[in-house]
Amino acid sequence: MGRLVMKFGGTSVADIERIRNVARHVEREVKAGNHVAVVVSAMAGTTNQLVEWCRQAAAVHDAREYDAIVSTGEQITAGLLAIVLQDMGIPARSWAGWQIPIETDGVHGAARMTHINGAEIVKRMEQGQVAVITGFQGIGPDKRVSTLGRGGSDTSAVAVAAALEAACDIYTDVDGVYTADPRIVTAAQKLDRISYEEMLEQASLGAKVLQTRSVELAMVYKVPLQVRSSFEPPDSPNQNKPDGTGPGTIVCDEDKIVEQHVVSGIAYSRDEAKVSIRRVKDQPGVSAAIFGPLAEADISVDMIVQNLSHDGAFTDITFTLARKDLRKAIEVINAMKSKVGFDDVVHSADVAKISVVGIGMRSHAGVAAKMFKSLADKGINIQAITTSEIKVSVLIDEAYTELAVRALHQAYGLDKK
Ligand code: ADP
Ligand code: ASP
Ligand code: MG
């Protein structure tokens with residue numbers, strides 16, 4: 001008998017009717033003989049509303065209270081799903097993260113799970129009870145609720161699956177992982193399989209279908225992971241495909257993927273900002289003097305471009321960072337002005353990062369060149385570039401995001417025939 005963790009995202013539990021639909025998916029798996037634990041998100045829009053209320057209460061607020069508030073959305077859906085399951089005659093019990101407990105490092109708003117004690121859940125599952133667990137949260141060493149960062153229920157689900165030695169199905173509003181966000185590229189194709197490495201890059205480069213950390217955990221703990229749709233009817237014959245490909249997309253080791261593409265997907269992120277520091281001295285120690293204080297302020301920098309200095313004395317340094325950190329970064333940079341010495345600092349939040357991802361890049365040349373040519377053909381200017389073994393990313397004007405993603409999708413032959 002298999003153990004299975006089923007995770008349902010916000011749109012899948014957006015109202016009572018959808019929660020009933022979710023319960024029917026759970027019923028199917030229980031009837032198939034699985035021992036099931038469910039991880040739920042808050043109803044679509046709820047977490048945004050809770051975050052907004054915190055902001056309205058005070059622009060700068062206590063992170064512990066933020067967590068006390070934003071964790072409540074998941075408590076509602078967990079309780080509601082347990083009630084609906086019970087009403088259908090399926091034994092079920094809701095569990096908040098602290099009750100299990102799911103222990104975290106206690107970093108409020110961005111906590112990491114450190115340990116999950118699955119013993120009680122396993123005992124109940126073996127007695128035929130479905131555990132309905134709140135996603136997105138655990139309990140820190142300070143004995144307070146801590147949340148895992150936006151989109152964190154994916155990570156809760158994979159961590160629970162690892163702790164229970166279960167497989168993990170992530171149910172969402174699309175039926176799998178596509179070659180690009182299907183909401184932007186109508187010609188995008190669903191992938192039957194994607195490697196952990198590629199999914200990790202896709203997620204960290206903006207494909208929010210899975211939270212990055214969830215893919216990391218699945219890769220480390222070898223959790224069998226599938227992304228599938230909660231909107232496919234629960235009793236559809238497509239639910240359990242006999243060929244083992246699954247109705248959705250299986251995230252797995254690359255050696256399990258038969259058909260390899262050079263590029264498997266295009267990702268984009270609008271969560272970017274750009275900062276340029278003009279006329280800094282072109283001498284050893286300047287970069288350290290700039291990026292040291294930024295790191296100390298917990299600001300992660302992504303792309304860095306240093307211009308060639310014409311006179312050998314001064315240069316410009318440009319870098320990108322998450323848009324949410326822009327204000328803080330400017331404060332940090334202004335505070336270092338007299339020590340570092342520069343003319344001025346300019347910034348822009350109207351930028352987007354577009355990335356092409358594929359493990360085939362390891363053995364194929366010309367992927368980056370094709371990207372630059374496709375963007376040039378559309379008249380799109382590239383402001384910065386970064387590469388890794390399996391991805392090329394460029395920074396462009398945000399207004400061209402969709403045009404760029406579609407053009408690249410076509411250029412790499414990913415469009416649906
Ligand atoms: P949930 O609320 O279920 O967690 P999310 O909104 O977090 O759902 O993630 C699902 C969304 O991810 C989809 O609606 C889709 O627009 C987006 N997405 C972005 N890139 C991709 C991709 N490559 N494949 C599938 N979905 C993607
Ligand atoms: N409800 C949380 C969010 O909106 C966690 C999640 O749904 O994954 O970020
Ligand atoms: Mg999500």
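With +1 assigned to the C-beta of every Lys and Arg and -1 to the C-beta of every Asp and Glu, and no other charges, what is the dipole magnitude of segment 35-188 about the Cα centre in debye, to the nearest 20? Please list the in-between numbers first.
Working: 10 positive and 17 negative charges, 46 e Å.
Computed charge dipole of segment 35-188: roughly 220 debye.
How much length, in nm to one decimal, is gained on full extension between Ser236 and Glu120, taken as 0.36 nm per residue of separation minus their Cα-Cα distance? Before the final figure, lay out the partial values.
Numbers: separation 116, 0.36 × 116 = 41.76 nm, distance 3.29 nm.
Between Ser236 and Glu120, full extension yields 38.5 nm more.
Taking a spot 7 Å from the Cα of Asp271 along the direction of its beta carbon, which residues of segment 131-146 have an amide N less than 17 Å from it?
136-137
Report for the chain the percent antiparallel among DSSP-assigned beta bridges with both residues inside it, nearest 5. Don't skip to the answer; put the middle values down first.
Numbers: 45 of 73 bridges.
Antiparallel bridges: around 60 percent, rounded to the nearest 5.
What does the convex hull of the alpha-carbon atoms of segment 330-417 project to on average, in nm²?
On the way: hull surface 31.6 nm².
Over all viewing directions, segment 330-417 projects a mean Cα-hull area of 7.9 nm².
Using the heavy atoms of the protein chains and a 1.4 angstrom probe, tell me the accessible area per residue for segment 274-392 in square angstrom. Show your work: numbers first, answer last.
On the way: 6360 Å² over 119 residues.
With the other protein chains kept in place, segment 274-392 gives 53 Å² per residue.
What are the ³J(HN,Hα) values, in whole Hz, obtained from phi via the Karplus relation 6.51 cos²θ - 1.76 cosθ + 1.60 with θ = phi - 60°, for each residue of segment 90-103 in sequence order, with x given for Gly and Pro?
9, x, 8, 9, 8, 9, 7, x, 5, 7, 6, x, 9, 8
What are the principal axis extents of the Cα atoms in segment 253-397, in Å, biggest first?
57, 33, 28
Between the alpha-carbon centers of segment 322-352 and segment 144-189, tell me the distance in whole angstrom.
Segment 322-352 and segment 144-189 have Cα centres spaced 33 Å from each other.
Can you compute the modelled spin-label distance between Asp105 and Asn307, with each label point 7 Å from Cα toward Cβ, in nm?
Rounded to a tenth, the inter-label distance reads 3.8 nm.
Compute the distance from the alpha-carbon center of segment 23-41 to that of segment 362-417, in whole Å.
Distance between centres, Cα-based: 41 Å.
Projected onto the charge dipole of segment 98-237 (+1 at Lys/Arg Cβ, -1 at Asp/Glu Cβ, origin at the Cα centre), which of Thr179, Ala203, Pro224 gives the Cα projection farthest towards the positive end?
The one lying farthest along the dipole's positive direction is Ala203.
Show which aspartates and glutamates lie in cross-link reach of Lys370 when reach means a straight Cα distance below 20 angstrom and same-chain residues fewer than eight apart are skipped.
Reachable aspartates and glutamates: Glu198, Glu201, Glu389, Asp397, Glu402, Asp415.
Within the chain, what whole-number % of the accessible surface is contributed by carbon and sulfur, with the 1.4 Å probe and all protein chains included in the calculation?
On the way: 9750 of 19110 Å².
Carbon and sulfur together cover 51 percent of it.
Can you work out the Karplus-derived ³J(HN,Hα) for every residue in segment 189-198? Use 6.51 cos²θ - 1.76 cosθ + 1.60 with θ = phi - 60°, whole Hz, and x for glycine or proline.
10, 6, 8, 5, 9, 9, 6, 3, 4, 5
Rounded to the nearest 20 debye, what is the charge dipole size of the chain about its Cα centre when +1 sits on each Lys and Arg Cβ and -1 on each Asp and Glu Cβ?
Numbers: 45 positive and 52 negative charges, 36 e Å.
That gives a dipole near 180 debye.
Over the chain, calculate the relative contact order: mean separation of alpha carbon pairs under 8 Å at least 6 apart, over the residue count, as a percent. Write out the running numbers ahead of the final one.
Working: 885 pairs, mean separation 57.1, N = 417.
Answer for the chain is 14 percent.
Mind putting together the pair-distance distribution for the chain? All Cα pairs, 20 Å bins, whole percent per bin, short to long.
The distribution over the chain is 25, 53, 21, 2, given as percents.
For segment 119-226, report the accessible area per residue in Å² (1.4 Å probe, heavy atoms, rounded to an integer). Walk me through the intermediate numbers first.
On the way: 3950 Å² over 108 residues.
Value returned for segment 119-226: 37 Å² of accessible area per residue.
Provide, in order from the shortest bin, the percent of all Cα-Cα pairs of segment 197-322 in each 5 Å bin, continuing until the bin that contains the maximum pair distance.
Calculated P(r), rounded to whole percents: 2, 8, 13, 14, 13, 11, 10, 8, 7, 6, 4, 2, 2, 1, 0.
Taking 0.36 nm per intervening residue step and subtracting the Cα-Cα distance, what contour gain separates Ala349 from Lys337 on full extension? Show your work: numbers first, answer last.
Details: separation 12, 0.36 × 12 = 4.32 nm, distance 2.16 nm.
Taking Ala349 through Lys337 to full extension adds about 2.2 nm, to one decimal.
Cα-Cα over 20 Å: which of Lys281/Lys339; Lys328/Lys391; Lys190/Lys256; Lys222/Lys416; Lys281/Lys337? Intermediate results must be reported in sequence, preceding the final value.
On the way: Lys281/Lys339 11 Å; Lys328/Lys391 29 Å; Lys190/Lys256 17 Å; Lys222/Lys416 31 Å; Lys281/Lys337 12 Å.
Too far apart for the 20 Å limit: Lys328/Lys391; Lys222/Lys416.
Would you mind telling me the antiparallel percentage of the DSSP bridges in segment 134-276, rounded to 5?
Working: 7 of 15 bridges.
Bridges in segment 134-276 that DSSP calls antiparallel: roughly 45 percent.
Below 8 Å, C-alpha to C-alpha, sequence gap of six or more: please give me the relative contact order for segment 123-249 in percent. Numbers along the way, then the final one.
On the way: 181 pairs, mean separation 34.8, N = 127.
Relative contact order, segment 123-249: 27 percent.
The values are calculated or read from the model by the stated rules, or taken from the named source; none is laboratory data. Please read these numbers as outputs of a predicted model, since none were measured by experiment. All Cβ positions, glycine included, derive from the backbone under ideal geometry; neighbour counts span all protein chains shown. Areas reflect the complete protein model, heavy atoms only, side chains present, ligands, DNA and RNA absent. Shrake-Rupley method; radii C 1.70, N 1.55, O 1.52, S 1.80 Å.
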